[in-house]
1. Sort A:LYS516, A:LYS276 so that the residue with the fewest other Cβ atoms within 10 Å of its own Cβ comes first and the one with the most comes last.
2. Can you tell me the 0 to 90 degree angle between the C-alpha axis of helix A:104-114 and the longest principal axis of chain A, rounded to 10?
3. Round to the nearest 10 and give me the degree value, 0 to 90, for the angle of helix A:161-176's Cα axis relative to the longest principal axis of chain A.
4. Note down the nm distance, to one decimal, between modelled labels 7 Å out along Cα→Cβ at A:ARG78 and at A:VAL222.
5. Among bridges DSSP assigns within chain A, what percent are antiparallel (round to 5)?
6. Tell me, what HN-Hα J-couplings in whole Hz come from the Karplus equation 6.51 cos²θ - 1.76 cosθ + 1.60 at θ = phi - 60° for each residue of segment A:54-68, using x for Gly and Pro?
7. How do A:VAL163, A:VAL523, A:VAL437 line up, fewest other C-beta atoms within 10 Å first?
8. Taking the highest mean first, how do the peptides A:103-111, A:451-459 order by number of other beta carbon atoms within 10 angstrom per residue?
Amino acid sequence: MPIHNAEIAEMFNRLADLLEIEDANPFRVRAYRNAARTLNGLPRSVVAMLEEGEDLSRLPGIGKDLAHKIEVIVETGRLPALSEIERHTPSGLVKLLSVPGLGPKRVRLLHETLGIEDVEALASAARGGALRRLAGFGPKTEQNILHALETRGAEERRVKRIVAEATAEDLADYLRGIEGVVRVEIAGSYRRRRETVGDIDILAACGPRSPIIQSFIDYEDVAEVLSRGRKRSTVILRNGLQVDLRVVPEASYGAALYYFTGSKAHNIAVRTIGLKKGLKINEYGVFRGERRVAGRTEEEVFAQVGIPFIEPELREGRGEIEAARQGRLPSLIELSDIRGDLHVHSKASDGRATIAEMAKAAHARGYQYLSINDHSKRVTIAHGLDARRLARQLAEIDRLNEGMTGFLILKSTEVDILEDGTLDLPDDVLCRLDLTVCAVHSKFGLSRDRQTERIIRAMDNPCFDILGHPTGRLINERAGYEIDMERLLLAARERGCYLEVNAQPDRLDLTDLHCKMAKDVGVKVAISTDAHSVTDLDLMRFGLDQARRGWLEADDVLNTRRWPALKRLLRSR
DNA sequence: GCCGTTTTCGGCCCGACTGTTTTCAGTCG
């Protein structure tokens with residue numbers, strides 16, 4: 001099986017960790033990490049790029065040497081430099097780096113003086129009081145390490161955005177009510193609207209006498225205070241989420257918001273541009289010498305650096321800065337562009353509301369149409385519809401449509417793609433529908449080639465319109481089934497098929513990178529909620545987040561169109 | 001190891017906090 005970009009990135013990150021423990025040139029270490037970040041943000045697999053004869057050294061952060069190393073990895077599955085370093089530096093040391101409070105210097109010291117190679121040995125050394133005797137360590141450090149191991153281990157876990165939302169917004173509201181506080185915003189990956197959040201970064205602007213830090217650590221949900229200074233404090237909430245609060249004066253608010261929104265890769269790139277223009281950029285402002293020339297708003301910062309405003313969703317170091325300089329930034333799709341939902345369920349299968357209730361709710365949200373997509377019979381657990389029940393549903397939709405003006409219920413299905421690539425309803429039934437959403441619900445374990453061919457065979461059916469939840473992944477629960485996304489997109493383009501961005505917060509499938517891939521290949525997507533209830537219709541915004549992070553504009557999305565225009569894009573309709 | 005409107009060498013983002021020190025190293029984001 002061809003190697004994934006993420007696996008190559010993982011090798012580079014591992015090598016960077018080990019090099020750092022060996023006290024290698026820090027800039028060399030950074031080069032490996034930068035290359036890993038580039039690989040993780042690529043919309044295409046390097047395997048495919050190499051097959052097409054592309055020069056990898058043209059990618060940012062990848063020069064001649066790393067391009068060659070990637071080729072070797074693609075050919076052999078191995079990175080010789082990594083194997084070499086693992087011969088004299090135990091690879092178990094990498095795990096120690098994720099223990100809070102331990103960095104490369106200390107890990108190296110632990111290994112050289114106490115022979116510690118893994119987390120278990122570290123814990124027992126800490127319990128035995130061996131750490132406090134090491135240079136630079138002390139009783140407090142030893143205790144902190146032990147505490148970290150006992151409470152959270154070396155595990156790091158990102159939580160789904162929707163889970164982080166309620167916690168973060170409540171805390172932000174609480175902070176807004178504190179004396180002297182002028183502005184509060186949640187920055188970090190939360191503001192970039194990533195699908196998962198590692199910790200929550202909150203930025204506050206307030207006067208010098210505001211008791212905000214004390215109030216922050218007094219917040220009722222705080223379980224543990226990790227640090228507290230005058231400008232910054234970090235706590236762990238009872239639900240395990242880590243929250244960082246940064247406090248800046250109002251004059252620095254925009255610079256700080258920009259700085260703490262990240263991403264790191266984006267910030268570094270912009271700061272480097274600033275440096276070339278003689279500007280120093282930090283969280284307090286943009287400085288020319290000692291003089292602050294910007295800082296109150298993000299717009300000021302961009303203006304000083306000389307590039308147009310870049311939306312937070314795009315700030316991932318994936319080419320947005322080049323695009324901004326060349327005036328090629330996308331005009332990102334907005335929620336108000338959406339004119340209808342193309343994937344919802346009713347009581348007929350596993351939904352909780354009637355068709356009429358769903359339609360009324362969709363109309364109330366300003367939509368012009370709503371497509372009803374109950375499961376097909378193969379999905380027995382969801383009371384999937386056979387041809388006869390579907391025919392009755394179509395008659396019901398006709399009746400409902402007669403009673404409505406300015407709104408249309410579309411006849412559709414979420415038809416199962418069977419193992420052999422055929423669809424779970426007869427063609428003569430499917431072709432009577434306004435559109436079809438086709439999806440995989442079984443046999444997730446097929447090989448990458450067989451799974452891809454299964455779906456492409458399904459697309460060969462002229463009634464196939466939209467591939468629903470294209471990878472089947474559930475965030476933090478299961479990886480998607482193996483598919484060759486590039487092949488799938490090319491096949492979709494040839495056949496006039498589309499892919500779905502499923503807006504369920506557990507799915508968000510396609511991912512942001514897949515959205516970008518689809519756009520680059522020229523395949524439009526539908527952003528759909530897969531709603532099983534009236535309130536689920538409001539999940540649309542999560543799909544929008546994902547699409548915006550994937551650089552999509554209104555034109556790239558099917559359901560920004562009025563029905564007549566949308567109908568013309570669907571096959572054989 | 002990468003990079004170039006200071007271009008093939010000599011730079012490479014930078015500030016806050018903690019715990020150890022007694023002026024700062026290490027870690028973190």
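Any read-out appearing in this document is the output of simple, stated calculations on the displayed coordinates, not a laboratory observation. Keep in mind that this is a model prediction, so the values were computed, not measured. Methodologically, a virtual Cβ is constructed for each residue, glycine included, from the backbone with ideal geometry; neighbour enumeration extends over all protein chains shown.
1. A:LYS276, A:LYS516
2. With both axes taken from Cα atoms, the answer is about 60 degrees.
3. The two axes meet at around 60 degrees.
4. Between A:ARG78 and A:VAL222, the simple spin-label model gives 5.2 nm.
5. Counting only bridges with both partners in chain A, antiparallel ones make up about 50 percent.
6. With coefficients 6.51, -1.76 and 1.60, one gets 6, 8, 5, 5, 7, 6, x, x, 10, x, 4, 5, 6, 4, 5 Hz.
7. On the way: A:VAL163 16, A:VAL523 21, A:VAL437 26.
Placing the least packed residue first, the sequence is A:VAL163, A:VAL523, A:VAL437.
8. Per-residue mean Cβ counts within 10 Å order the peptides as A:451-459, A:103-111.
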